[in-house]
Amino acid sequence: MLNPPASPLKFPRLLLTGAGGNLGQKLRPRLKAYCDVLRVSDRLDLGAAAAGEEVHTAALEDADQMMALLDGVSAVVHMGGVSTEQPWAPILTGNIVGMVNLYEAARLKGVKRIVFASSNHVTGFYRQDEVINTSMPPKPDGFYGLSKAFGEDLAQMYWDRWGIETVSIRIGSSTPEPKDRRMLATWLSHDDLERLVVAALTAPIVGHSIVYGMSDNQTTWWDNTHAKHIGYRPQDSSDVFRSAVEARQPLVDTKDPAAIYQGGAFVKVAPHG
Ligand code: 15L
């Protein structure tokens, strides 16, 4: 949690979807500093509301529940949906139908800014010896990455047609610390995640912008030049963990697709029915 908060701007009512998920749980206590009321939602029970919170149970695939959820909201941090490679059915429900319901509800309720948790797996089939930028075409590494590419396109369409602004954050690996060699490039500290989400919420004009969610890592595959207007300045780096990571994993198998492609092990998950 950043102290002081990364921005003095306060939203009257901010919605955090997927508040029970991995990163949703991290953001829930952190986002409170940026709003008068934090509305948190998930499909499962989130427990009692903390001070300044409203708790909603809502399933992304339920259009009526999403309409109620977006009512009176100033901006959305959308962390909900499926966040790993899975069979197509839950991905279709959470990340395709769910995105349409979220943006339709935003349009009808007049919500004008969404921060969308996209993923580095939109471009997971670029190689680890390439440095890519946000203007290069997607190369999803599975159904999950494909669904996030759809989410980004949907956000672009809602900007072009309806003037709803989105920052799509292609989140790398947001964990307490990098666990392996790949994460030396993909790591995003939780404090930098907060900085990036807040920058995405508060940048004056974003249209639909795409940014990679990474800390200030020395090894990097991603160039955020086209996202400088968001004003995100990472302040952590995987480098302080480098020697420990390299000691744990001195060699990588350079024939292993997980070591060749940026998506790592995701590129090897078997196709699902
Ligand atoms: C993601 O998109 C996943 O949500 C997360 O679980 C990690 O696997 C991360 O990507 C990653 O690429 O490390």
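The values are calculated or read from the model by the stated rules, or taken from the named source; none is laboratory data. Note that the structure is a prediction, hence the values are computed from the model and not measured. Side chains included, ligands, DNA and RNA excluded: accessible areas come from the protein's heavy atoms. Shrake-Rupley method; radii C 1.70, N 1.55, O 1.52, S 1.80 Å.
The table that follows gives values for the structure above.
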| quantity | calculated |
| --- | --- |
| Largest to smallest principal axis extent of the C-alpha atoms in region 11-268, angstrom | 52, 35, 33 |
| Cα-based Rg of region 1-94 normalised by 2.2 N^0.38 Å, two decimals | 1.10 |
| Region 11-268 - accessible surface per residue (Å², probe 1.4 Å) | 42 |
| C-alpha center-to-center spacing [region 241-273, region 1-36] in angstrom | 32 |
| The chain: most fluctuating residue of Ala68, Ala258, Ala105 per GNM, C-alpha cutoff 10 Å | Ala68 |
| Centre separation in Å (Cα based) which lies between region 119-139 and region 60-78 | 30 |
| Per-residue ³J(HN,Hα) for region 57-67, Karplus 6.51 cos²θ - 1.76 cosθ + 1.60, θ = phi - 60°, Hz, x for Gly and Pro | 9, 8, 9, 4, 7, 9, 4, 5, 5, 5, 4 |
| Solvent-accessible area, 1.4 Å probe, carbon plus sulfur percent, for region 11-268 | 54 |
| C-alpha center-to-center spacing [region 173-193, region 197-233] in angstrom | 16 |
